[in-house]
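Novice: The structure under discussion is supplied below as structure tokens; questions concerning it will follow.
The values are calculated or read from the model by the stated rules, or taken from the named source; none is laboratory data. Treat the numbers as computed from the prediction; the structure is a model and nothing was measured. Don't worry about glycine lacking a Cβ; one is built from the backbone with ideal geometry, like all the others, and counts go over all protein chains shown.
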Amino acid sequence: MRVFVLKPDAIGDFVLATGAVHRIARAWGESSLTLAVRADVAPFAQEEFPEARVVPLPIREKRRVVNLTVVNVLNCLPAWTVLAGMHVEAAVCLRSMRTYLQTALFLTPRAKRRIACENRLAEGERFRRPRVENFVRSCFRPELLAYPRPGPWPTDLEANRLVVSELLGEHVDPLEILPRLRARSPARVGGWLLCPFSSTRGKDYPDEKWVEVLSLVASDRGGAPLFLAAGPSQQERLRSLHRLLDSSGVTGCTLLPEGSLGDLAQAVSSACLVLTVDTAAAHMACAAGRPAVIVSAGQHPGVYAPYTTNGLQDWIMPPPGLARGAWKSSINAGLVAERIRGVLSKNP
């Protein structure tokens, strides 16, 4: 059975969906899958699902000069041509906040069934988007499932479970949908890994607080090396943090060379402890089952986090209802240090 899976999201969101994709692959074989993902995620997706066909979507998130939708439509024309020539038994979308472009991409392959959760972007609009969604329902007749209410699992994980259950025609246990990475052989022995930056600065824990945290847990490290990692555009900020750690007496720090998402997944998979914020490294730590402490800004609580795959990942969530940016002062270094010791006590 050939299945088309649309997941045009950022890196962390793709990692969050890996359990759902693996479950589909287990039913009909990885080679039966075609994955359409963002271009920057495509190499990592191909590494995680080497037998699947991966179609890169060069979708830009930020406007520069020309209208963003126009740019993305033009950029996606080659991918659109590929999708238009596809015939599949089922098309599924693992994104519940779909733009017009993403909706069009979902509808492009010829499919006997189309399964997704209802578009949450239509909830807050009165006219245009609901009319588009009604047109899609009447012309293409997709199987649109109600987006889940908050519960014990993040709602996006539960949405993935509902879609996969509908596709397979059977109940899928939530544990089957938890993210997981393909097994990797460790490239190095242990060490702590600090991934301090997100793609959104508003989700970053202050550098000086990371320095304070690492000073408080210096004895708990026990001489373990501390590796620092960040994305290509964050290298100068990472070097600045490295200098700040060094000048504050936090020793044994090493900058990891800039690498691919696969390299980051490798580093996460071989770390004794991962320290990070709400970013791709957090979901990679959960997917790899590595001990982790994740300092979260609390954005979209209950949608993407918190969760744990084996009890070794601790998400520090700020109190609800705080003013914008106030979460950083609400989570002090002492609390983070205490939670690090708690995770280490579970996995010494």
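Novice: If I go through segment 292-348 residue by residue, how many of them are in contact (Cβ under 8 Å) with a residue 60 or more places away in the chain and at positive phi?
Specialist: Final tally of qualifying residues: 2.
Novice: Please state which one of V213, V172 is closer than 30 Å to L107 by Cβ and among the β-branched types (V, I, T).
Specialist: Step by step, each of V213, V172 is checked, and only V172 is closer than 30 Å to L107 by Cβ and among the β-branched types (V, I, T).
Novice: Within segment 59-74, is even one residue buried (at least 17 other Cβ atoms within 10 Å of the Cβ) and within 26 Å of T308 (Cα to Cα)?
Specialist: No, the conditions are met nowhere in segment 59-74.
Novice: With respect to the numbered conditions (1) surrounded by 15 or more Cβ atoms within 10 Å (Cβ to Cβ); (2) at pLDDT below 95; (3) not in a loop (DSSP other than H, G, I, E, B), which one is the sole condition not fulfilled by T81?
Specialist: Status for T81: all satisfied but (1).
Novice: In the same structural domain as M97 (by TED's automatic domain parsing), without any contact (Cβ under 8 Å) to a residue 60 or more places away in the chain, crowded, with 19+ Cβ neighbours inside 10 Å and outside any helix (DSSP H, G or I) - does that describe any residue in segment 13-33?
Specialist: For segment 13-33, residues in the same structural domain as M97 (by TED's automatic domain parsing), without any contact (Cβ under 8 Å) to a residue 60 or more places away in the chain, crowded, with 19+ Cβ neighbours inside 10 Å and outside any helix (DSSP H, G or I): present.
Novice: Now a separate question. Are any of the residues in segment 118-133 surrounded by fewer than 16 Cβ atoms within 10 Å (Cβ to Cβ) and in contact with a strand residue (DSSP E or B) (Cβ under 9 Å, 6 or more places away or on another chain)?
Specialist: no
Novice: Can I ask one more? Working carefully through the options L244, L255, find the one that is farther than 22 Å from P318 by Cβ, touching an Asp or Glu at 6+ places or on another chain (Cβ under 8 Å), surrounded by fewer than 18 Cβ atoms within 10 Å (Cβ to Cβ) and without any contact (Cβ under 8 Å) to a residue 40 or more places away in the chain.
Specialist: Checking each option against the conditions leaves just L244.
Novice: Starting from segment 91-111, take each residue that is in contact (Cβ under 8 Å) with a residue 24 or more places away in the chain and more than 11 Å from F4 (Cα to Cα) and list its partners that are among the β-branched types (V, I, T) and part of a helix (DSSP H, G or I), counting only C-beta distances under 8 angstrom and pairs at least six apart or across chains.
Specialist: Correct list of pairs: T99/T69; Y100/T69; Y100/V132; L101/T69; L101/V73; T103/V132; T103/V136.
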